[in-house]
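Structure below; questions to follow.
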Amino acid sequence: MSENETIRSERFVEVNYDEKIPNNVNLSGDRQLQRALEAWQPDYIDWWKEAGPAAFQDAEVYLRTAVGVDPEGWAVFDHVRMPEYRWGILLAPAVEGRTIPFGRHKGEPAWQEVPGEYRSLLRRMIVIQGDTEPASVEQQRYLGQTAPSLYDLRNLFQVNVEEGRHLWAMVYLLVKYFGRDGREEAQALLERRSADENNPRILGAFNERTPDWLSFFMFTYFTDRDGKMQLAALAQSGFDPLSRTCRFMLTEEAHHMFVGETGVSRTIQATVEAMNKAGIKDPYDVEAIRALGVIDLPTLQRKANFHISVTRDLFGSEISSNAAELYSAGLKGRFEETRIDDDHVLTNDTYPVMTVRDGEIVTEDQPALNALNSRLLDDYIKDCQGGINRWNKIIADAGIDFEITQPHKGFNRKIGEFADHYITPEGELVSAEVFESLADEWLPNAADHEFLNSLMKPVYEPGEYASWISPPRVGINNKPGDFEYVKIYSSDVIVD
Ligand code: BYC
């Protein structure tokens with residue numbers, strides 16, 4: 001795409017690539033906003049260079065850039081150097097006559113400006129959403145050094161630039177609608193760092209490490225799916241600019257989950273093929289399986305247990321007055337709010353919430369408004385299962401007796417109803433001592449990390465793949481198997 005090209009289409013909302021900051025929000029019509037964002041832009045690039053992908057800043061990456069905001073994701077693909085990626089501001093089209101779909105303002109026209117009484121509540125939520133985006137880029141900073149193929153390397157960078165774009169999306173809202181404190185928050189988003197002792201990212205899971213590629217795939221399958229659920233809830237918002245922003249972000253999130261699901265599928269595929277070739281039927285014959293240069297299924301389960309439980313904490317406390325107020329205020333809805341058949345006010349409803357009472361796990365009815373985090377978590381758990389079923393089908397088709405499962409909701413939780421309890425993946429309440437003594441069977445242990453590390457060797461030859469992962473079924477944008485997704489120059493791969 002040429003620098004000065006403006007993309008036009010009758011079907012799509014036009015994205016103007018002519019400006020310093022590509023956008024479909026008529027940025028040039030609001031000089032003050034344009035100036036504020038143009039002032040933030042160099043700091044963003046500095047952040048990208050300092051905390052984004054280590055090395056590879058000069059590599060040419062086959063990236064997708066959105067040039068329209070239709071649900072099919074109208075886009076162009078081209079080799080681009082990442083710091084030159086055209087991060088832009090893209091909102092889904094406005095819905096004529098949209099009204100607030102839930103809460104005490106239900107039926108009133110959706111807000112085009114921030115409602116004064118909810119200003120700080122709204123700002124806090126946008127900041128939390130924004131904070132996760134750069135955090136994930138920081139967590140994945142070193143993965144390029146050990147990519148199992150150029151295809152995977154490209155997918156990593158695609159995810160990274162899109163998370164960068166999601167940061168832009170939230171910064172646009174902060175700067176446009178929240179004045180001086182919005183600008184300060186936008187700056188602070190570039191200053192916090194994942195796992196930094198003094199200035200960490202806000203939510204727990206975003207301060208965890210993403211030490212290897214299996215973690216990356218699990219993260220993009222499970223943690224990006226929290227992104228999907230939260231964005232879907234925010235897309236219902238009565239604050240229309242937030243709704244439109246999140247609706248567009250959801251199309252990008254879908255690709256991240258695809259990278260995660262297929263990454264794990266391809267890992268499983270390589271494992272079961274190698275096991276069958278070597279005549280190994282027992283998935284617990286770990287030493288023999290690892291000797292084949294593939295990842296044994298019990299390790300995969302432990303990785304899944306970790307990412308699933310840490311991500312469940314991102315839903316906040318199951319019982320939350322914050323969540324109740326966000327809903328009643330009309331700021332954050334439920335997953336698929338408009339498809340749910342009830343009054344969308346919920347003051348007289350209840351919702352069953354799992355908790356621990358007198359040493360037993362029980363389910364109790366709670367006021368529905370206070371139980372909204374719990375409900376979103378339940379929706380999330382259901383949403384996770386589809387890909388897991390497809391993973392299990394690969395294992396079953398290979399004739400191997402093993403099933404990947406989701407651990408019990410209370411397993412390894414640090415936030416909410418189960419935070420002070422020790423619960424096994426099967427859902428049994430145990431003492432702290434018993435849990436600690438068995439934790440190595442349930443969560444990735446030191447030997448797992450050591451083994452995974454030993455596999456993490458870069459493969460940068462076009463069309464070649466590390467032993468532990470199968471090639472994808474189809475290339476990006478239907479490119480052939482030996483396509484050079486990333487053009488690497490020798491200086492690119494040296495870590496600073
Ligand atoms: N770690 O009533 P509570 C994504 C705080 S992922 C640390 O329990 P609430 C992505 C909470 O902030 C989606 N602190 O929960 C994925 C509150 O503090 P304040 C991100 C936590 O408020 C992959 C206090 O504890 N988007 O997009 O109902 C790659 C009590 O809160 C945690 C959102 O999350 C935690 N895990 O719900 C890239 C949407 N949990 O305010 C991107 C926006 C809670 O009292 N955020 N706390 O100081 C929200 O809707 C809500 O803030 C939460 C928490 C659901 C996160």
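Being surrounded by 21 or more Cβ atoms within 10 Å (Cβ to Cβ) and within 11 Å of the ligand (Cβ to nearest atom) narrows it down to one of A270, A232, so name that one.
Values: A270 fails: within 11 Å of the ligand (Cβ to nearest atom).
Exactly one of A270, A232 is surrounded by 21 or more Cβ atoms within 10 Å (Cβ to Cβ) and within 11 Å of the ligand (Cβ to nearest atom), namely A232.
A further question follows. If you go through the stretch 302-339 one residue at a time, how many are part of a helix (DSSP H, G or I) and within 18 Å of M229 (Cα to Cα)? Steps first, answer last, please.
At the first step, the residues of the stretch 302-339 found to be part of a helix (DSSP H, G or I) are 302-315, 321-328, 337-339.
From the residues that got through so far, the ones that are within 18 Å of M229 (Cα to Cα) too are 307-315, 322-324, 326-327, 337-339.
Matching residues across the stretch 302-339 total 17.
Output the number of residues of the stretch 229-270 satisfying the condition of being out of contact with any helix residue (DSSP H, G or I) (no Cβ under 7 Å at 6 or more places or on another chain) and β-branched (V, I, T).
Summing the residues that are out of contact with any helix residue (DSSP H, G or I) (no Cβ under 7 Å at 6 or more places or on another chain) and β-branched (V, I, T) in the stretch 229-270 gives 2.
Another question about this same structure. So which residues in the stretch 383-423 are aliphatic (A, V, I, L, M), over 25 Å from K281 (Cβ atoms) and in contact (Cβ under 8 Å) with a residue 60 or more places away in the chain? Explain how you work it out, then say what you get.
To start, the set of residues in the stretch 383-423 that are aliphatic (A, V, I, L, M) comprises 388, 394-396, 398, 400, 404, 415, 419, 423.
From what's left, over 25 Å from K281 (Cβ atoms): 415, 419, 423.
Matches in the stretch 383-423: I415, I423.
With the structure loaded, tell me whether L122 is of a type in the set (A, V, I, L, M) and within 16 Å of the ligand (Cβ to nearest atom) or whether it fails that test. Working first, answer last.
Numbers: of a type in the set (A, V, I, L, M): yes; within 16 Å of the ligand (Cβ to nearest atom): yes.
Against the criterion (of a type in the set (A, V, I, L, M) and within 16 Å of the ligand (Cβ to nearest atom)), L122 qualifies.
A further question on this structure: Is it true that R154 is in a helix (DSSP H, G or I), within 14 Å of the ligand (Cβ to nearest atom), at pLDDT 95 or above and within 24 Å of W213 (Cα to Cα)? I'd like the intermediate steps shown before the answer.
On the way: in a helix (DSSP H, G or I): yes; within 14 Å of the ligand (Cβ to nearest atom): no; at pLDDT 95 or above: yes; within 24 Å of W213 (Cα to Cα): yes.
Judged against the criteria, R154 is not a match.
While we're on this one: Could you list, in sequence order, the residues of the stretch 235-252 that are in contact with an Asp or Glu (Cβ under 8 Å, 6 or more places away or on another chain) and either away from the ligand (no atom under 13 Å from the Cβ) or in a helix (DSSP H, G or I) (or both)?
Initial filter on the stretch 235-252 (in contact with an Asp or Glu (Cβ under 8 Å, 6 or more places away or on another chain)): 236, 238, 252.
Across the stretch 235-252, the qualifying residues are G238, E252.
Now a separate question. Report whether or not E113 is more than 13 Å from the ligand (Cβ to nearest atom) and part of a loop (DSSP other than H, G, I, E, B).
Working: more than 13 Å from the ligand (Cβ to nearest atom): yes; part of a loop (DSSP other than H, G, I, E, B): yes.
Judged against the criteria, E113 is a match.
Please verify whether the stretch 53-61 includes one or more residues that are farther than 18 Å from I488 by Cα and surrounded by 14 or more Cβ atoms within 10 Å (Cβ to Cβ). Give the steps one after another, and end with the answer.
Taking the stretch 53-61 as the starting set, the residues that turn out to be farther than 18 Å from I488 by Cα are none.
Within the stretch 53-61 (the criterion being farther than 18 Å from I488 by Cα and surrounded by 14 or more Cβ atoms within 10 Å (Cβ to Cβ)), the answer is no, since none of the residues qualifies.
When you go through V171, V127, V159 one by one, which is the residue that is near the ligand (Cβ under 10 Å from one of its atoms), more than 21 Å from Y62 (Cα to Cα) and in a helix (DSSP H, G or I)? Can you show your working first?
Working: V171 fails: near the ligand (Cβ under 10 Å from one of its atoms); V159 fails: more than 21 Å from Y62 (Cα to Cα).
After ruling out the rest, the residue left standing is V127.
Ok, one more. With respect to T347, determine if the residue is within 24 Å of the chain's Cα centre (by Cα) and either in contact (Cβ under 8 Å) with a residue 12 or more places away in the chain or over 25 Å from D224 (Cβ atoms) (or both).
no
Also: E337 passes all but one of (1) surrounded by fewer than 23 Cβ atoms within 10 Å (Cβ to Cβ); (2) under 16 Å from D379 (Cα atoms); (3) out of contact with any Phe, Trp or Tyr (no Cβ under 6 Å at 6 or more places or on another chain); which number fails?
(3)
Out of curiosity, is D342 closer than 26 Å to A446 by Cα, away from the ligand (no atom under 14 Å from the Cβ), out of contact with any strand residue (DSSP E or B) (no Cβ under 9 Å at 6 or more places or on another chain) and assigned to a loop (DSSP other than H, G, I, E, B)?
Numbers: closer than 26 Å to A446 by Cα: no; away from the ligand (no atom under 14 Å from the Cβ): yes; out of contact with any strand residue (DSSP E or B) (no Cβ under 9 Å at 6 or more places or on another chain): yes; assigned to a loop (DSSP other than H, G, I, E, B): yes.
Considered against the rule, which asks whether it is closer than 26 Å to A446 by Cα, away from the ligand (no atom under 14 Å from the Cβ), out of contact with any strand residue (DSSP E or B) (no Cβ under 9 Å at 6 or more places or on another chain) and assigned to a loop (DSSP other than H, G, I, E, B), D342 comes out as no.
So how many residues does the stretch 182-221 have that are closer than 20 Å to F306 by Cβ, more than 9 Å from the ligand (Cβ to nearest atom) and part of a helix (DSSP H, G or I)?
Number of matching residues: 7.
The values are calculated or read from the model by the stated rules, or taken from the named source; none is laboratory data. The model shown is predicted, which means the values in this text are computed figures rather than measured ones. Every residue, glycine as well, gets a Cβ built from its backbone with ideal geometry; the counts of neighbours run over all protein chains shown.
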